[in-house]
Amino acid sequence: MLLHLSTWPEIETYLTRSKTVVVPIGSNEQHGPTGLLGTDWLCPEIIAHEAARRSDLLIAPTFNVGMAQHQVENDEVGRRIVIHGQDGRADAVSLAAER
């Protein structure tokens, strides 16, 4: 069961059966010239989704921590465009976008 594709009633029903939530987590960083930048978050996400397919687990959206600081310096990236889906946390998103 994927949290972000579930309704509150579905989550409430799930929580009567289990209190477990799996949170995949990882960063974006270089893995050589042929490795995917998202390897460190793709692997936990794929494993979590497969675990949910095989058993009754609630999977939270993958938490992408960010880029490893030593991988990409701020001056290597020009303009950043941040798309945020909820106005309630605009200050935190603005602060994160600046860094």
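The values are calculated or read from the model by the stated rules, or taken from the named source; none is laboratory data. Note that the structure is a prediction, hence the values are computed from the model and not measured. Cβ atoms come from the backbone with ideal geometry, glycine included; neighbour counts cover every protein chain shown.
What to note about this one:
- Selected residue [at pLDDT 90 or above and among the small types (Gly, Ala, Ser)] from ALA52, ALA68: ALA52
- Considering (1) modelled with pLDDT of 95 or more; (2) surrounded by 15 or more Cβ atoms within 10 Å (Cβ to Cβ), the lone condition that TRP8 does not fulfil carries the number (2).
- For region 41-69, a residue qualifies if it is under 28 Å from THR7 (Cα atoms), of a type in the set (A, V, I, L, M, F, W, C) and assigned to a strand (DSSP E or B), and the qualifying residues are LEU58, ILE59, PHE63, VAL65.
- Pairing each residue of region 12-40 that is part of a helix (DSSP H, G or I) with any residue that is among the hydrophobic types (A, V, I, L, M, F, W, C) and surrounded by 12 or more Cβ atoms within 10 Å (Cβ to Cβ), provided the two are 6+ apart or on different chains, yields C-beta distances under 7 Å for TYR14/MET1; TYR14/LEU58.
- Residue in region 23-33 that is surrounded by 16 or more Cβ atoms within 10 Å (Cβ to Cβ), closer than 24 Å to GLY85 by Cα and polar (S, T, N, Q) present: yes
- Qualifying residue in region 9-26 (condition: under 22 Å from VAL65 (Cα atoms) and out of contact with any strand residue (DSSP E or B) (no Cβ under 9 Å at 6 or more places or on another chain)): no
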